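These notes are about the structure you will find just below.
Coordinate-derived values only; no laboratory data. For clarity, every value in this text was computed on a predicted model and none was experimentally measured. When we count neighbours, we look across all protein chains shown, and the Cβ atoms used for this are built from the backbone with ideal geometry, even at glycine.
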Amino acid sequence: RAGPWGVCEETAILHGGFLLAARLTQPRPLRELRKADWPRVGPPITDALGEIGARCPSPLQHNLWKKEAVAIVWAKVLLPAPPAASLDQGWEQDDFFSVGRMIPDLNHTVLFELVKALGAPQLFVQLLLALPQDVCRSELEHLVEYIASETSPSDIRFFLDVWWEVMKHKEGQGDSTVSTFSTLIHQHGCETPLDDGLQPPKRFKGDPGSLNDTPAATSLLMVLIEGLKQTYQSITLPRMKCYALANLVELLSVFTELEPEGSPLPVAEYLDKISSVVSLWTRDTESQFHHRGLDEKVKEAERSLNLLFMVKLSRQELFVGLGFLCSLLHAWEEELQGTLSSSEELCYETYRLLDALTTFGKNLVCFSESRDLGEDETHVVLELTQITKSFLKEISASLKGKDLDASLVSSVAMTIIEQKLDRHMEMCSIFASEKTWAFSKDWVDCLVKNKALFQKPELVLKLLKTLVNFAMSRQDKEARELQMQVTKAIVECYTELSLTDKNKVISGVLASWGGPGLSLNLQVVMEGFQEDLNVTFNQITKSVSDQGLTRAVASVARLMLLYPEATVKQVCNLAVVNLGAHQFLAQILCSFPALSFLETHNGPGSPCGLVVRCLAEAVWGRLSTVREEEQFLEFLAFLMQPSSAAPLVSPAEVTKAFVLPYLKSDSAQIELSLQILSKVLGVQSCSEEHWIKSCHPFPLLLSLCKLLDGYTKYWHQPRDQLFPSLETKDLLLNILCQLCEIVRPETVPSPELWVQSLAWLHRKVALLDWTIGLRLKKLYGDHFKNEVPATLFEICMLPEDEWTSQPLPAYGPGSGLLAWMECCCVSTALRETMLTLLTVNVDNPEEVNLFSKGFLVALIQVLPWCSHSEWKRLTHVVENLLQRQILHVPYTLEYVQYMPLLNLRPFACYLQFSVLFLRGFQLLCSSSCSTWLPAEAWLHVVQLYCSTMTDLLGSTKSTAGPPSHPAEDRTSTQEVSFICIQMFCHLLHVAAMLPNKECGEPLVVVALEILSQYETFSSADTSPSNTLRRANERHFLESITDNVGDEALRGTLLQKLSKLGA
């Protein structure tokens, strides 16, 4: 068969049928066939089509041949045979030429009767609407004229079917036959004789325009209305009257301005309507769809509900139609009311009429309220409204119809889903959530077959809720098997979602079932879950890399769906115990912003975040090593400030969970809690209102102040009582300083409350050590003066508008320097203030001597209680006073063999500092102070001493500059060597005096550093006497070291000395 209209076996059969029909009409040709002749002439043609159908392998193929036969007949009606002169060209250029020459000339009677005989109004309308606009209208007018003449019941049915198909038609649904037919007519034009060949032919140029162009499109609708006007008196059957009225009412409701602009029919109502139509067709043996399968019924019912004709009748045309409808209702009202009152007579046509009239009545009311109508128009609308209401009222009982079978509704919904008909995605939503359908065999099969349609977060969530509901209602073996099958299908749908959509599902799971998720009610989830969890994370922790992040997140996402809480706990635990994996695991968790879910089941207080709770239950209190604590801190910090994701936990909830409950000196977690607090204070607030506001800032400050106050009794705490170490004191001080910066008037609801809170804090802090109030000065502002011991005023010129004295029994006469030194420890700014305000008369030798002795005593009193940062501030004070020559420290020659002919002036401060330490330890180790410090305090004192000696060593090297070998540039090499020897001797002297011999390790380290620096500088000296001098110095150092009582210290140092100059 060549081309779309090529000659083939089927066309030959069709040709034979037309030849037989033509013989039966003789002597008249077929193009003059009359309606009354069809019963005699038609059978050969319909028999031929029947024979073609019998040869078709499927009903679909048969329907395609029906359409092709109608297209050929219609083309032959519109395109009579060309003149003989064009025969030669026709063979080559005209695709229709061969088939067209086989079929005799035909008229519309053949066409219309053939379509009626085939019962194919839908394919007729598809071909009709594929014609050029003016031809389309003309052909429809031919149909109306044909139906109006010698009208029979079958004519009425055919006309109404065509009308109904015109309204249901959707563009773009045509196949190749329709396309070929349309192209042929547009290309060739047609001859449209007024009475089938009796008038001269008239050529026209085909118009390729769309049916939707107005006014031609709307004129089709008016042709239909006009057709009903011409034929309504021939309609006798009540069923056909309902059909005609339903067509007219729907046309006036949908294809006019009566149609309100708004949302489509709710999907549940939509489903009910389709199910009602299918039910009616199934019960009604007279319906053309009675014997069709469910798929076909549903598809056709859906077409009838989706009238999407885009054109609208004009206002004038609308009121022509409304007037006609009014007259029809008046004419038929009584008869139809009697018919419709009997439920036995309820069929598809009556159902359609009642449904259409109900919608039409509502539309009329909206139309009259929202439009500016003329007097006549208002009268028509009012009359129609009343008659519609009256009509429906009389037959309201029949509107109820019969209750729909639930199994039919579910079958219809599943058919819509499986056939992917219009609104099938909305139907998936009902399918997923309708619990009465769920877990039937058909339901499960439909879900499994159509998984791809359920790959939406909202559908997955609805399916999960349906699954859980089923699991809670049934626990038998069959139910468990169904649960496993459905769970597997849902998880597969979930797996195909994007990460964003997966998070939406996880959010829904958490909102519905909390941390346990599906495991709460779905036992099948727990089977093998722990093993799956372990295997998944073993693989993840073995392949930590940026490339593996996406794969890891995908693996964890499935576990997170089934049992969020257990999965998060596993991540938290591994983040702590797996070295170096904490950041990668934090990235995985931060890929699930849904986990920022806040739980409220712990009571009416502030809700707690899921992740924070999992951290508290899985990790907190179980950290056994410093490394685990460090990883925990870093993991927590990443969760609060991820590099490229939203924070998973907030500083406020971390503070409430891991800080506030543990801010007690006897808490085992106090040091870790303070480290956490330091971390969270470094997190910037994301909103204008700082997060600290929700964490009770003033009670928090007071708790920190009380902890700080505990350090004043640090060395006298009972040994079995927990208390944070002195190393933690600096952290505590930094936190207090940060809080004083952060807690501002804006962090409380009102200025009055701010003042009240400050007063409350001041009153509480007044009961603690007096230096704590000084640390809160940034917070207090001008509300309170600095309160200090009265003796401080004896040695400082303190302005009374900022400072005030308070009686403190512990600070009696002569304690001013002690108070002054304690002020210097508070902050760098206060230290500089104290140095500026200090008053010592350097012109009075006695005063300088007294000050220097008092300074040494105060220094020794403060030393054991200093943190490292506080001690750094005090060493700066010593250096400042030595440089200003206010502090007098005479340098004795107890470790000098001969007068050093060197320039020691640049290094005088360092030598004095070293001697000051020596004198301090002589006092500290004397019999008068022997019971002052407990044994464990000595190690801390020695560590502070050693840190300062290391700083002095560095300062000496910095002042001297790098050692150089050329003799002419002997930059202080001998001076530095001399200072190193002195510091070494002072260090060993201190070591010999210490009552606690377990403090040797830090002393050994510093002593070795001193000897290394001595070696560096002495070996750089190239003077002629250097070799002798170095030998003497080494002998001197060895003799000093020999006297060291600590055998380990002595042995290590002698070994080092033996290598000097080797």
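Sort 691-702, 373-384 by the packing proxy (mean of other Cβ within 10 Å over each peptide's residues), most packed first.
Values: 691-702: 18.4, 373-384: 14.1.
Averaged packing, sorted descending, gives the order 691-702, 373-384.
For region 785-888, give the magnitude of the charge dipole about the Cα centre (Cβ charges: +1 Lys/Arg, -1 Asp/Glu; no others), in debye to the nearest 20.
Details: 6 positive and 12 negative charges, 75 e Å.
Around 360 debye, computed over region 785-888.
Going by the alpha-carbon gyration tensor, a ≥ b ≥ c the square roots of its eigenvalues, is region 674-799 rounded (a/c under 1.5) or, if a/c is not under 1.5, prolate (a/b greater than b/c) versus oblate?
oblate
Roughly how many debye, to the nearest 20, is the charge dipole of region 905-1058 about its Cα centre, given +1 on each Lys and Arg Cβ, -1 on each Asp and Glu Cβ, and no other charges?
280
Among LYS777, LYS488, which comes first, second and so on when ranked by fewest other beta-carbon atoms within 10 Å?
Least to most surrounded, the residues fall as LYS488, LYS777.
Could you work out how much longer the chain between LEU579 and GLU383 gets when fully extended? Use 0.36 nm per residue separation minus the Cα distance between them, nm to one decimal.
62.0 nm
Among SER1023, MET993, LEU953, whose Cα lies farthest out toward the positive end of the dipole of region 905-1058, if unit charges sit on the beta carbon of Lys, Arg (+1) and Asp, Glu (-1)?
Checking the options against the dipole of region 905-1058, the answer is SER1023.
Hey, got the dipole for the chain? About the Cα centre, +1 on K and R Cβ, -1 on D and E Cβ, debye to the nearest 20?
Values: 91 positive and 124 negative charges, 430 e Å.
Roughly 2060 debye for the chain.
Would you mind computing the Rg to Rh ratio of region 785-888 from its alpha-carbon coordinates, Kirkwood style for Rh?
Ratio value, two decimals: 0.93.
For region 905-1058, just list the percent of Cα-Cα distances falling in each 10 Å bin from zero outward, please.
So the P(r) values, bin by bin, are 10, 39, 34, 13, 3, 0.
Mind listing the phi-derived Karplus ³J(HN,Hα) values for region 655-670, rounded to whole Hz, using 6.51, -1.76 and 1.60 with θ = phi - 60°, and x for any glycine or proline?
Along region 655-670, the couplings run 4, 5, 8, 10, 10, 3, x, 10, 7, 10, 4, 9, 7, 5, 9, 4 Hz.
Which angle from 0 to 90°, rounded to the nearest 10, does the C-alpha axis of helix 529-542 make with the longest principal axis of the chain?
60
Net charge within 9 Å of CYS608 by Cβ-Cβ distance, Lys/Arg positive one each and Asp/Glu negative one each, not counting CYS608 itself?
0
Express in nm, to one decimal, how much length is gained between HIS330 and SER685 on full extension, taking 0.36 nm for each residue of separation and deducting their alpha carbon distance.
Extra length from HIS330 to SER685 when fully extended: 120.3 nm.
Based on the Cα coordinates of the chain, what is the per residue volume of their convex hull in Å³? Before the final figure, lay out each step's value.
Numbers: hull volume 340.3 nm³, N = 1062.
Residue-normalised Cα hull volume stands at 320 Å³.
Just check region 291-373 against the gyration tensor rule for me: Cα atoms, a ≥ b ≥ c as the square roots of the eigenvalues, rounded for a/c under 1.5, and otherwise prolate or oblate depending on whether a/b exceeds b/c.
Here region 291-373 falls in the oblate category.
What whole number of Å gives the distance from the Cα centroid of region 251-297 to the Cα centroid of region 1028-1062?
108
Of LEU79, LEU14, THR833, whose Cα points farthest to the positive end of the dipole of the chain (charges on the beta-carbon: +1 Lys, Arg; -1 Asp, Glu; origin at the Cα centre)?
The residue sitting most towards the positive pole is THR833.
Could you tell me which of TRP691, VAL649, TYR891 has its Cα farthest along the dipole of the chain towards the positive end, charges placed at Cβ (Lys, Arg +1; Asp, Glu -1), taken about the Cα centre?
Working it through, the farthest residue towards the positive pole turns out to be TYR891.
Fewest to most neighbouring Cβ within 10 Å: what's the order for ARG622, ARG137?
ARG622, ARG137
Please say if region 970-1062 is rounded, prolate or oblate, where rounded means a/c under 1.5 for a ≥ b ≥ c the square roots of the C-alpha gyration tensor eigenvalues, and otherwise the choice is prolate for a/b larger than b/c and oblate otherwise?
prolate
Would you kindly calculate the mean projected area, averaged across all directions, of the convex hull enclosing the Cα atoms of region 593-669, in square nanometres?
5.8
When only C-alpha pairs under 8 Å and at least 6 residues apart count, what is the relative contact order of region 905-1058, in percent?
27
Compute the helix-to-body angle for 477-495: its Cα long axis versus the longest principal axis of the chain, expressed 0 to 90° and rounded to tens.
Approximately 80 degrees, to the nearest ten.
Give me a comma-separated list of calculated 3J(HN,Hα) values for region 287-295, in order, Karplus coefficients 6.51, -1.76, 1.60 applied at θ = phi - 60°, integers in Hz, x for any Gly or Pro.
5, 5, 9, 4, 8, 6, x, 4, 4
Could you work out how far the C-alpha centroid of region 857-927 sits from that of region 347-393, in angstrom?
108
Ranked from highest to lowest mean number of other Cβ atoms within 10 Å per residue, what is the order of the peptides 782-791, 581-590, 353-362?
581-590, 353-362, 782-791
How high is the relative contact order of the chain? Use alpha-carbon pairs under 8 Å, at least six apart in sequence, and give a whole percent. Don't skip to the end; give the middle numbers.
Working: 1174 pairs, mean separation 49.3, N = 1062.
Worked out over the chain, it gives 5 percent.
Tell me, what is the percent relative contact order of region 785-888, built from C-alpha pairs under 8 Å that lie six or more residues apart?
Once normalised by length, the contact order is 26 percent.
Could you line up PHE984, PHE529, PHE851 from fewest to most neighbouring Cβ atoms inside 10 Å?
Working: PHE984 25, PHE529 17, PHE851 22.
Starting with the residue having the fewest Cβ neighbours, the order is PHE529, PHE851, PHE984.
Students often check this: by mean Cβ neighbours within 10 Å, which of 413-422, 123-132, 448-457 ranks highest, and how do the rest follow?
The packing order, highest mean first, is 123-132, 413-422, 448-457.
I'd like the distance separating the alpha-carbon centroids of region 811-841 and region 706-738, in whole Å.
So the two Cα centres are separated by 22 Å.
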